[in-house]
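The values are calculated or read from the model by the stated rules, or taken from the named source; none is laboratory data. Keep in mind the model is a prediction, meaning the values are calculated, not measured. Please note: Cβ atoms are built from the backbone with ideal geometry, for glycine as well, and neighbour counts cover all protein chains shown. Ligands, DNA and RNA are excluded from the accessible area calculation, which covers all protein heavy atoms including side chains. Shrake-Rupley method; radii C 1.70, N 1.55, O 1.52, S 1.80 Å.
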Amino acid sequence: MSNDYILAYKGKCFGINGMLVFPIEDHYAIGAGEDFAQGALFMGASPREAVKAACELSAMVCEPVKLESIPR
C-alpha cells in the first residue's frame, strides 16, 4: 500500500509520494477527494471550500473537517 503525504518544513511545503519528494508551489490535495479539491482550488476556492466540495462530490469524503494553518 502506498500513501501520499504533505510535509511542512521551515516555511515550505513538500509533497511525498513513495520515493518522490517535490516542492508544493501553489495548491495541492491528497486523499479520496483530491481531484475535486484540486479542481476547486484551481478555480479559486479557499482550502475549506475545496474540502467542502470534496465532501459533496465524493462518496469517500465526509465531514467533520479539521483545518490546520501553518504561517508562511
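Measure off, as a whole percent, the carbon and sulfur share of the 1.4 Å-probe accessible area of region 13-72, all protein chains present. Carbon and sulfur together cover 59 percent of it. Our summary gives region 6-63 a relative contact order of 22 percent, counting only alpha carbon pairs under 8 angstrom and 6 or more residues apart.
Estimated from helical segments only, the mean residue ellipticity of the chain at 222 nm is -8000 deg cm²/dmol, where each DSSP H run of four or more residues counts as -39500 (n - 2.57).
Near Ser58, once Lys and Arg are set to +1 and Asp and Glu to -1 for all other residues with Cβ below 13 Å from its Cβ, the sum equals -3. Exposure check, 1.4 Å probe, all protein chains in place: Ile16 carries approximately 40 Å² of accessible surface.
In vacuo Debye scattering of the chain, one point per C-alpha: log10 I(q)/I(0) at q = 0.14, 0.23, 0.28 Å⁻¹? Result of the Debye calculation: -0.46, -1.15, -1.33. Mean-square fluctuations from a GNM of the chain, with a 10 angstrom spring cutoff on Cα atoms, peak among Phe42, Phe14, Phe22 at Phe22. Per residue, the chain exposes 82 Å² of solvent-accessible protein surface, assessed with a 1.4 angstrom probe and all protein chains in place. Cα centroid separation, region 17-32 to region 53-69: 18 Å.
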